[in-house]
Amino acid sequence: MSSKSLEEALSHRMFDKYDYYIRAVQQPDEDVKFFRDTYRELAGRTPHTLREDFCGTFALCCAWAKLGEKYVAHGLDLDEEPIEYGREKYLAKLTREQQKRVNIHNLNVMDPRAPKADLINALNFSYFIFKKRLEMKRYLTCCLDSLNPDGLLILDCFGGSECQSAIEDATKHSGFTYYWDQVDFDPVTHHARFHIHFKPEGRKKIKRVFTYDWRMWTIPELRDLMEEVGFSESFVYWEGTDEATGQGNSEFTRVETGEECESWIAYVVGKK
């Protein structure tokens, strides 16, 4: 191994990639409140059971359990590495009573043994791993079967003209810079590849910390499939814009039409 390769390997080993990831792209405590309030709005009651598909470090599950003693969370993932990280970094910080209400399952999200829930979430575009329509349809069917009456499936989605070409976007955070690197985009298949890089303050840029090979599903495709598999309704919650920066403001509002943007993020919500 060359000295450069050795340096890169050591840098990655000493780098807490999951900590940087959650600080850059997730807000679990705020997200669970939005999901709870969206359920209240659409179903007319309070949800108590959440299932986080492709849960990774299951920070969302832990945040859900903190909402109150009736809140139970289930996380599904096949990768033991982030699950073990979540046990050490997030689950361990909960009270013993809260920990009892967080259940992690080393299962495929389409496994018939997957637990039922009031709310199912597949976030951070994780379901983009399904590249075939039949795969996506099967996943939505499994979710519908796993939802309790009036249950909701919440998927995040992104797009815009900027997302149809190779581009690297840098965002400054406290102590580091986060890079979202789109490698390519195929307009025929809507397949695209992405990398996440980080540059901690005072250190070299750490490249390809996370890599994704996805199909970029569109909102109409998702809503049509939801209707096809039997969801009674679907809704879109669109992210607003921070007037000072021109960037997204992390506030989502239910809409009938979207805004023509270079880049946008939205939630697609299916109701059983």
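The values are calculated or read from the model by the stated rules, or taken from the named source; none is laboratory data. None of these values were measured; they are calculated from a predicted model. We place every Cβ from the backbone using ideal geometry, glycine too, and count neighbours over all the protein chains shown.
Taking the criterion of being closer than 17 Å to ILE120 by Cβ and either without any contact (Cβ under 8 Å) to a residue 12 or more places away in the chain or not in a helix (DSSP H, G or I) (or both), the residues of segment 61-77 that qualify are LEU67, TYR71, VAL72, ALA73, HIS74, GLY75, LEU76, ASP77. Candidates ARG96, ARG133, ARG101: the one that is out of contact with any strand residue (DSSP E or B) (no Cβ under 7 Å at 6 or more places or on another chain) and without any contact (Cβ under 8 Å) to a residue 60 or more places away in the chain is ARG96.
Given the structure, is ARG223 part of a helix (DSSP H, G or I) and under 17 Å from ILE154 (Cβ atoms)? In short, yes. The set of residues in segment 134-161 being charged (D, E, K, R) and over 20 Å from the mean Cα position of the chain (by Cα) consists of ASP145, ASP150. Scanning segment 1-60 for residues that are among the basic types (Lys, Arg), closer than 28 Å to LYS205 by Cβ and modelled with pLDDT of 95 or more turns up LYS17, ARG23.
Residue-level analysis places ALA122 outside the set of residues that are over 30 Å from PHE185 (Cα atoms) and out of contact with any Gly (no Cβ under 6 Å at 6 or more places or on another chain).
Could you count how many residues in segment 81-117 are over 17 Å from the mean Cα position of the chain (by Cα), assigned to a helix (DSSP H, G or I) and of a type in the set (A, V, I, L, M)? Residues in segment 81-117 being over 17 Å from the mean Cα position of the chain (by Cα), assigned to a helix (DSSP H, G or I) and of a type in the set (A, V, I, L, M): 2 in total. The residues of segment 126-167 that are in a loop (DSSP other than H, G, I, E, B) and under 17 Å from MET226 (Cα atoms), listed by number, are PHE130, LYS131, LYS132.
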